[in-house]
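Asker: My questions will all concern the structure given below.
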Amino acid sequence: MTIATRASHFAHLDEAKLGWFHIRSILVAGAGFFGDAYDIFVIGLALPMIYRVYYPPADPTKGSTFNATVHNSIHIDALLKASTNWGNLVGQLSFGYLGDKLGRKKVYGVEIIIMMVAILGSTLACSTVRGMGVLTMLGLWRFVLGIGIGGDYPMSATITSEFAQVRYRGMMVAAVFAMQGIGILIGGLVTLAALAAFKSLLVDDILYLDYVWRIMLGFGIVPCLATVYFRLTMPESPRFDVHVRNDVEAAHRDINKISKVNGTTNNTVNTVGEESNKDTTESHAVVSHNSNRAPEIGFKEYFSKRKNFLVLFGTAYCWFALDIAWYGLTLNTPRVLTIINYDGAGKSQYDSFFSKAVGNIIIACMGTVPGYWVTVALIEKWGRKPIQFLGFGVITVILVIISALWNQILQKDETGVFSQSSRIIFIFLYTVAQFFFNFGPNSTTFVLPAEVFPTRFRARAHGISAACGKVGAILGIQAVGPYFEEAPRVVIGVFAIVMATGGIATFLVPETKGKTLEELTDESEDETYEIPEQNNANNAVHHDQLRAN
């Protein structure tokens, strides 16, 4: 008998050239994240329209777009925003667990189907004569939508990471997440297009907004339809086949499927025994299922070890700290629109909605979209931790400056309008902050949990890390955000402290640049197979060929 490590089976994946399968994987997973971000952020543009249609102001000529008394009495903003994040929390934990328990293939695509159903439900939400109103129905459907979006996080990250080559893995996972920026941008563009299409009707009757907001929400189903087939037919992760199912033959079949899509199929990735006689095939079956390794430890036992727990705590806390500030600041988009003079104040109702949509597009371009793609470009050169350290550090400094100089930065002239110098200073600081949120922890907190955990726990640990982020988002929205108007300097100061602690927690996470997933998690050391003597030569040649390719 001789011993062969499981990691040797992934040499073809780890060292392959970037091919069509990898590009398709990025597009399939990225389309989901495009839809995730679109659905999450377009609601901010749609809600004022819903308020105007279903809760009209007593005097529309005064510029209000909704009945403030009704709106405040039911706290609809908190309901809708929190419901999506609570759904995210449920989806991240449940899909992470199922992805490790049932396999990536069986679960991948289910989250998109959930999203499609929820988007249809949201689009058709309406008020009844008795019972639930449109906002309550929308809140319930947004919760279901959040489950699907939440499930996309661990599944897309894990699958992309496990299919990727070593030298492109960070870039591929970051590119999937970067599609969020495109989704935010497209949300503004779809809003502009819908408003322009109904302009003549809206000028005569603003209640035609009921069509506009439904078109905006309904468009979110387009990326889902474009990607659902490819997700449902995605091959199983070869790493899951080997490390969890203990089935090397299935792993080789899945690697062969990948190679066919890439156009690089050759005998080195065919299942051992396909070109040999019956005896060789039988001996390979022994290799697939007859391991001499010790029984695998469970999730609790693995993370009860201090070293492993600290890594999970590091990925979870960094995401938690990031989302407190990220979502807490995102809530104040209306204030940003006021400062940059795109809040629609003093304009007709149609022009007001159009101006806000343009303002949101400007905000998306003010560092948000560029930051994501600079991460994609540099993550393999710089590494994950340097980018995360840089992001946390720069944002902390900027938030400290804004908190300390709040009154000086946001000065108004004698007419009560923000001065030109205030606008310039604020736009500069806001753009830099947005850039380093995304060329920083908003991207790397998604990438690192997809790399630093063993295959049998990877989806679950990523889901836990992402769920901790959503806990931070809920705190930012419901606990900290409401005090922004009363004490903005204090709130921003709290955000600065939280971001600084995220930078400190980054020390707990290992750097993953240039290492295989097996090297990062010791799976190449402690998981081996006994290979029968009669087939030693054939298998040795096979593994050498895999590494050579």
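The values are calculated or read from the model by the stated rules, or taken from the named source; none is laboratory data. Just so you know, these numbers come straight off a predicted model, no measurement behind them. Reconstructed Cβ throughout: ideal geometry from the backbone, glycine too, with neighbour counts over all protein chains shown. Side chains included, ligands, DNA and RNA excluded: accessible areas come from the protein's heavy atoms. Shrake-Rupley method; radii C 1.70, N 1.55, O 1.52, S 1.80 Å.
Asker: Kindly indicate whether any position in the stretch 237-251 is more than 21 Å from MET155 (Cβ to Cβ), under 27 Å from the mean Cα position of the chain (by Cα) and modelled with pLDDT under 90.
Answerer: From the stretch 237-251, those more than 21 Å from MET155 (Cβ to Cβ) are 246, 248-249; that's our starting set.
Cutting the leftovers down to under 27 Å from the mean Cα position of the chain (by Cα) gives us none.
Looking for residues that are more than 21 Å from MET155 (Cβ to Cβ), under 27 Å from the mean Cα position of the chain (by Cα) and modelled with pLDDT under 90, one finds none in the stretch 237-251, hence no.
Asker: So, in the stretch 140-171, exactly how many residues are under 20 Å from ARG239 (Cα atoms), crowded, with 24+ Cβ neighbours inside 10 Å and out of contact with any Phe, Trp or Tyr (no Cβ under 8 Å at 6 or more places or on another chain)?
Answerer: 6
Results for (1) in contact with a strand residue (DSSP E or B) (Cβ under 6 Å, 6 or more places away or on another chain); (2) surrounded by fewer than 20 Cβ atoms within 10 Å (Cβ to Cβ); (3) within 30 Å of LEU202 (Cα to Cα), shown as yes or no for each residue.
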| position | (1), (2), (3) |
| --- | --- |
| VAL358 | no, yes, yes |
| TYR372 | no, no, no |
| THR375 | no, no, no |
| LEU405 | no, yes, no |
| GLN408 | no, yes, no |
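Asker: Might you let me know whether the stretch 178-187 holds any residue that is among the small types (Gly, Ala, Ser), assigned to a helix (DSSP H, G or I) and touching a Leu at 6+ places or on another chain (Cβ under 7 Å)? Reasoning before the result, please.
Answerer: Filtering the stretch 178-187 for residues among the small types (Gly, Ala, Ser) gives 178, 181, 183, 187.
Now restrict to residues that are assigned to a helix (DSSP H, G or I): 178, 181, 183, 187.
Now drop any that are not touching a Leu at 6+ places or on another chain (Cβ under 7 Å), which leaves 187.
Yes, the stretch 178-187 contains a residue that is among the small types (Gly, Ala, Ser), assigned to a helix (DSSP H, G or I) and touching a Leu at 6+ places or on another chain (Cβ under 7 Å).
Asker: Restricting attention to the stretch 219-253, which residues are of a type in the set (A, V, I, L, M), open to solvent by 40 Å² or more (accessible area, probe 1.4 Å) and part of a loop (DSSP other than H, G, I, E, B)? Step through it out loud before you land on a result.
Answerer: Applying the first criterion (of a type in the set (A, V, I, L, M)) to the stretch 219-253 yields 221-222, 225-226, 228, 232, 234, 242, 244, 248, 250-251.
Retained after the next criterion (residues that are open to solvent by 40 Å² or more (accessible area, probe 1.4 Å)): 222, 225-226, 232, 244.
Result: VAL244, single match.
Asker: May I ask you to say which residue of ALA433, ALA450 is small (Gly, Ala, Ser), touching a residue at least 40 places away in the same chain (Cβ under 8 Å) and more than 18 Å from MET499 (Cα to Cα)? Give the steps one after another, and end with the answer.
Answerer: Details: ALA433 fails: more than 18 Å from MET499 (Cα to Cα).
Going through ALA433, ALA450 in turn, just one is small (Gly, Ala, Ser), touching a residue at least 40 places away in the same chain (Cβ under 8 Å) and more than 18 Å from MET499 (Cα to Cα): ALA450.
Asker: Applying the selection to the stretch 506-521, what residues are within 22 Å of the chain's Cα centre (by Cα) and either buried (at least 22 other Cβ atoms within 10 Å of the Cβ) or without any contact (Cβ under 8 Å) to a residue 24 or more places away in the chain (or both)?
Answerer: THR506, VAL509, THR512, LEU517 - these are the residues of the stretch 506-521 that are within 22 Å of the chain's Cα centre (by Cα) and either buried (at least 22 other Cβ atoms within 10 Å of the Cβ) or without any contact (Cβ under 8 Å) to a residue 24 or more places away in the chain (or both).
Asker: Identify the residue in the stretch 188-213 that is more than 34 Å from the chain's Cα centre (by Cα), of a type outside the set (Lys, Arg) and assigned to a helix (DSSP H, G or I) and, among all such residues, is farthest from THR445 (Cα to Cα).
Answerer: Filtering the stretch 188-213 for residues more than 34 Å from the chain's Cα centre (by Cα) gives 199-207.
When the remaining residues are screened for being of a type outside the set (Lys, Arg), the result is 200-207.
Those left that are additionally assigned to a helix (DSSP H, G or I): 200-204, 206-207.
On the way: SER200: 46, LEU201: 45, LEU202: 43, VAL203: 45, ASP204: 48, ILE206: 43, LEU207: 42 Å.
Ranking the candidates gives ASP204 first.
Asker: Out of the residues in the stretch 383-396 that are open to solvent by 40 Å² or more (accessible area, probe 1.4 Å) and in contact (Cβ under 8 Å) with a residue 12 or more places away in the chain, which is farthest from GLN434 (Cα to Cα)?
Answerer: PHE389
Asker: Follow-up. Suppose we filter the stretch 347-356 for residues that are of a type in the set (Gly, Ala, Ser) and either open to solvent by less than 40 Å² (accessible area, probe 1.4 Å) or on the phi > 0 side of the Ramachandran plot (or both); how many remain?
Answerer: Let us first name the residues in the stretch 347-356 that are of a type in the set (Gly, Ala, Ser), namely 348, 352, 355.
Subset that is either open to solvent by less than 40 Å² (accessible area, probe 1.4 Å) or on the phi > 0 side of the Ramachandran plot (or both): 352, 355.
Final tally of qualifying residues: 2.
Asker: How many residues are open to solvent by 40 Å² or more (accessible area, probe 1.4 Å) and in contact with a strand residue (DSSP E or B) (Cβ under 6 Å, 6 or more places away or on another chain) when one looks only at the stretch 410-454?
Answerer: Adding up the residues that qualify gives 1.
Yes/no per residue for (1) buried (at least 16 other Cβ atoms within 10 Å of the Cβ); (2) farther than 30 Å from ASP522 by Cα:
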residue	(1), (2)
PHE303	yes, no
LEU312	yes, no
THR315	yes, no
PHE320	yes, no
TRP326	yes, yes
VAL336	yes, yes
TYR342	yes, yes
ALA345	no, yes
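Asker: For the stretch 202-218, give me each residue that is hydrophobic (A, V, I, L, M, F, W, C), open to solvent by 70 Å² or more (accessible area, probe 1.4 Å) and modelled with pLDDT of 95 or more.
Answerer: Residues of the stretch 202-218 that are hydrophobic (A, V, I, L, M, F, W, C), as a first pass: 202-203, 206-207, 209, 212-213, 215-217.
From what's left, open to solvent by 70 Å² or more (accessible area, probe 1.4 Å): 203, 207, 215.
Residue satisfying the conditions is ILE215 alone.
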